[in-house]
Amino acid sequence: MLIFAMMKTVYYSIRMHAERGTRHLSGGERLVPTPLVESVSAELLRRAMMHSPAAVKVSIDEVCSDQIVFGPIPEITVMPPCDYAQGRKQAVAALFEAGVSERAALSAMAAIADGASLTGGAMRGAMLIDSLLGERLEADQDRGVRATRFDLTDKASDSLTRLLQTNGFHHTRTHEALVLAAKVMAAPNIVAELCWSDAPDYTAGYVASRQTGYRRFTELKKYGDLRGGRAFFVRPGADLAETIAFLEQTPFLANRHGGLILSGG
Ligand code: AMP
């Protein structure tokens, strides 16, 4: 019993959020064993300070390691470059393939394109969208639902970095979005995810689902546009409390990944 207690790895969820006023500047999510807590917290803090924040919050919470859910990072398909209007059409088609109705796909896309928060800006988290009717289901349309408490194992991280680098796609954003998408795909009642960034200089986005894997589009918005966001599509009539509890509370570690396909068109 004592030996078992000594061998048990204790994990911590580390979350960083940097802001200036109401503007989100930088964020980060890690789930690491005890010996890495100090160095990883410092790394996240260093990242935050590069943005001259007015305030930085770093939360460190112990995680019950036997509650960690393990899962795969989906296979990546890189779609051929095209303009954002074409990209959005292809993203709607991918969502349809994933089981989202065209109405729901278009309504999520319009909400992100118009600025999905109550003030017309970016939300902190994601919209929850009924995958059939396209209705928004999240209780707070400014905060939305946040996927947190996730990371990938060192072995999977090294291997994923190699895969992305070999194909010329290594970017911290892509790496992190893949891990977030892996957790979202593992959540109960989720049909698919749609995302493009609110950063004005980052036009790429993706659709992720069990059917389509992670489909990356080079442009889902015009360069310079400050609007971006995320939509998590849920099965009609789903138990939302269960889905939100998984996304926000259940620790998730991606421990493997699929391949990368460069789509010809
Ligand atoms: P980013 O790709 O980091 O630029 O984020 C794009 C949008 O996704 C943000 O505007 C938020 O609405 C949403 N978002 C960012 N982080 C999360 C998260 N951890 N969980 C859910 N939604 C998020």
- Item | Failed item in (1) exposed (fewer than 14 other Cβ atoms within 10 Å of the Cβ); (2) away from the ligand (no atom under 16 Å from the Cβ); (3) closer than 26 Å to Thr250 by Cβ, with Lys57 passing the rest | (2)
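Kindly evaluate Thr174 against the criterion of being crowded, with 17+ Cβ neighbours inside 10 Å and in contact with a Ser or Thr (Cβ under 9 Å, 6 or more places away or on another chain).
Taking the combined requirement at face value, the residue does not satisfy it.
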- Message: What's the number of the only condition in (1) part of a loop (DSSP other than H, G, I, E, B); (2) in contact with a Lys or Arg (Cβ under 7 Å, 6 or more places away or on another chain); (3) within 15 Å of the ligand (Cβ to nearest atom) that Asp140 fails to meet?
- Response: (2)
- Identify all residues within the range 143-164 that are away from the ligand (no atom under 13 Å from the Cβ) and surrounded by 14 or more Cβ atoms within 10 Å (Cβ to Cβ); write none if there are none. Leu152, Thr153, Ala156, Ser157, Ser159, Leu160, Leu163, Leu164
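State all residues of the range 13-45 that are of a type in the set (D, E, K, R) and outside any strand (DSSP E or B); if no residue qualifies, say none.
Listed by number, the residues that qualify are Glu38, Glu43.
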- Selected residue (criterion: modelled with the lowest pLDDT) from residues of the range 13-29 that are surrounded by fewer than 18 Cβ atoms within 10 Å (Cβ to Cβ) and within 10 Å of the ligand (Cβ to nearest atom): His24
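So which of Gly224, Gly237 ends up being more than 13 Å from the ligand (Cβ to nearest atom), outside any strand (DSSP E or B), exposed (fewer than 15 other Cβ atoms within 10 Å of the Cβ) and in contact (Cβ under 8 Å) with a residue 24 or more places away in the chain?
After ruling out the rest, the residue left standing is Gly224.
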- Query: Just for the range 193-221: of the residues that are of a type in the set (A, V, I, L, M, F, W, C) and part of a loop (DSSP other than H, G, I, E, B), which one is nearest to the ligand (Cβ to nearest atom)?
  - Reply: Ala199
- Message: Checking Pro188 against (1) within 12 Å of the ligand (Cβ to nearest atom); (2) under 16 Å from the mean Cα position of the chain (by Cα): exactly one of these is not met. Which one?
- Response: (1)
- Task: Name the single residue, out of those in the range 250-265 being polar (S, T, N, Q) and in contact with a helix residue (DSSP H, G or I) (Cβ under 9 Å, 6 or more places away or on another chain), that is farthest from the ligand (Cβ to nearest atom).
- Result: Asn255
- Query: Which one is surrounded by the most Cβ atoms within 10 Å (Cβ to Cβ) among residues in the range 67-93 that are small (Gly, Ala, Ser) and in contact with a helix residue (DSSP H, G or I) (Cβ under 9 Å, 6 or more places away or on another chain)?
  - Reply: Ala91
- Go through the range 193-209 and give me each residue that's crowded, with 22+ Cβ neighbours inside 10 Å and of a type in the set (Phe, Trp, Tyr). Trp196, Tyr206
- Pairs, please: C-beta under 6 Å, at least 6 apart or cross-chain, first residue more than 11 Å from the ligand (Cβ to nearest atom) and in the range 165-180, second in a helix (DSSP H, G or I)? His170/Leu164
- Message: So if I check each of Val234, Val184, which one is within 29 Å of Pro33 (Cα to Cα), touching an Asp or Glu at 6+ places or on another chain (Cβ under 8 Å) and not charged (D, E, K, R)?
- Response: Val184
- Task: Specify which of the listed residues (Ser263, Ser197) is of a type outside the set (Lys, Arg), over 15 Å from the mean Cα position of the chain (by Cα) and under 26 Å from Asp158 (Cβ atoms).
- Result: Ser263
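The values are calculated or read from the model by the stated rules, or taken from the named source; none is laboratory data. Values in this document were obtained by computation on a predicted structure and should not be read as measured data. Heads up, the Cβs are rebuilt from the backbone with ideal geometry, glycines too, and the neighbour counts pull from every protein chain shown.
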